[in-house]
1. If we sort 214-221, 255-262, 108-115 on the protection proxy, mean other Cβ atoms within 10 Å, highest first, what's the order?
2. What ranking, highest mean first, results for peptides 340-353, 132-145 when packing means the other Cβ atoms within 10 Å averaged over each residue?
3. Dividing the convex hull volume of the alpha carbon atoms of the stretch 189-343 by its residue count, what do you get in Å³ per residue?
4. Given 0.36 nm per residue, what is the gain on full extension from T114 to V385 after removing their alpha carbon distance, in nm?
5. Holding the Cα-Cα limit at 24 Å, pick out from K143/K214; K180/K334; K81/K131 the pairs that are longer than that.
6. Take the alpha-carbon centre of the stretch 110-124, take the same for the stretch 316-337, and report the distance between them in whole Å.
7. Once you have all Cα-Cα distances for the stretch 73-181, histogram them in 10 Å bins from zero and send the whole-percent values.
8. May I ask you to derive the FRET efficiency for T377 and F105 from their Cβ-Cβ distance with R0 = 22 Å, giving the value to the nearest 0.05?
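What follows is calculated from the coordinates using simple rules that are stated; it is not laboratory data. Worth saying up front: this structure is predicted, and the values here are computed from it rather than measured. For neighbour counting, all protein chains shown are included, and Cβ atoms are generated from backbone atoms with ideal geometry for every residue, glycine included.
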Amino acid sequence: MLTVQALIGSPRVLRFKSNGWLYKFTRIRLMMSEESEKTLTMPLKRVEEGNGDSGENGHIRKKLKSDVEDTGDERKHPKRKVVLLLAYSGKGYYGMQRNAGSSQFKTIEDELVTALIKSGCIPDNHGDDMKKMSFQRCARTDKGVSAAGQVVSLKLWMIEDLMEKINSNLPTQIRVLGLKRVTGGFNSKNSCDARTYSYMLPTVAFAPKSYNTKNSTAFRLDPETLQRVNRLFASYKGTHNFHNFTSQKAARDPSARRYITEMSCSEPFVRSGTEFAEITVRGQSFMMHQIRKMIGLIIAVVKGYTGEEVLQRSWGEEKVDVPKAPGLGLVLEKVHFDRYNKRFGGDGLHECLEWTEEEQAIMAFKEAHIYPSIVETECLEDSMVNWMATLPIHDFEATATGAQVKDRGQDDDEEGNGSDSAL
């Protein structure tokens, strides 16, 4: 039993510590006359240091940093805004974006969220509502489309061995290859200045339409045809009206104008006895199916189904029937954050969102998972050859002069910002 002398005066907190326990009480001002002052005797309940709740008789329990580890995970580890560099093979998945409440169509984000929960870097309830962790992706890749440089931003508990624990809970065809801290207001979708995609295809796609595709593995692309292909792809550079290269976009819709900075086809190479080439395209943003239609139209021109003038007509207001190349072979290679890097990359607090140190791991993943999947599937299913058989049914002449009607029920592009949703 301790005694406290109640005195008239300003309240004042008194502390007493004994044997590792903290005692706290307040010097009390009593509303009474001097004649009625007396000594009060009150029991004090000892409380364990570090507990922030109030105890009996109003005694306050003190919270100390040393006791944080006695609480839940949210107090063990700080929560920070980060970006994750993702690489994945899209085969067998219905695209990147998660469809909440639908387990029938598994996506890349389904696997990622499950791994984050199992790793202990987000609470269980964040899996049901990804907004709780401020999750955002740079681009929504379509069914079967792969990525070597997808970037997502989110808030995570910074647990030890974070990347290793996430990857241990992911299938081998999905990997986290990099992690960096970013500013609290960073949004990977809105902060992305440009996106680079590649498209790997068998070179028989550029064979004359009279070529016998039953012998497609024997075809080899000649230098003159490759030169023409690159000249045609280069015509896409600059700003054009791509309303004919997506669906449900009005010809005079300002959002149909897109800026392309690069598009070219590589030198051919042989894999599994078939000659392939890789097309690279970089732009500020792309609409649904835009890249596949850009490639499909050039293939139609090179094969002789239509003339080169179709490109100019396709950028006008007339409706032009533009064929869409198969989704197999499309890969999100890289996303670019030039403005963010210029503003924050050199401030001494944040890193540039460049992944030069991860380039070797990115290439190793592509060689192990992405390229073999594309080559094996193409050789097994002949997706390009089967698609080429549909080219004669397309009418490349203008079929209408009015603007296309836009369906209000469909987003213009990825979540309204102009990046790919289903390329």
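1. Values: 214-221: 14.1, 255-262: 17.2, 108-115: 20.8.
The peptides rank, most packed first, as 108-115, 255-262, 214-221.
2. Numbers: 340-353: 13.9, 132-145: 22.4.
The densest-packed peptide leads the list: 132-145, 340-353.
3. On the way: hull volume 19.5 nm³, N = 155.
Considering the Cα atoms of the stretch 189-343, their hull volume per residue is 126 Å³.
4. Numbers: separation 271, 0.36 × 271 = 97.56 nm, distance 3.76 nm.
That pair, T114 and V385, stretches by 93.8 nm at full extension.
5. On the way: K143/K214 28 Å; K180/K334 16 Å; K81/K131 13 Å.
Distance filter (> 24 Å) returns K143/K214.
6. With the stretch 110-124 and the stretch 316-337 each reduced to a Cα centre, they are spaced 32 Å.
7. P(r) for the stretch 73-181, in whole percents per bin: 15, 52, 29, 4.
8. Numbers: r = 19 Å, r/R0 = 0.87.
My answer for the efficiency is 0.70.
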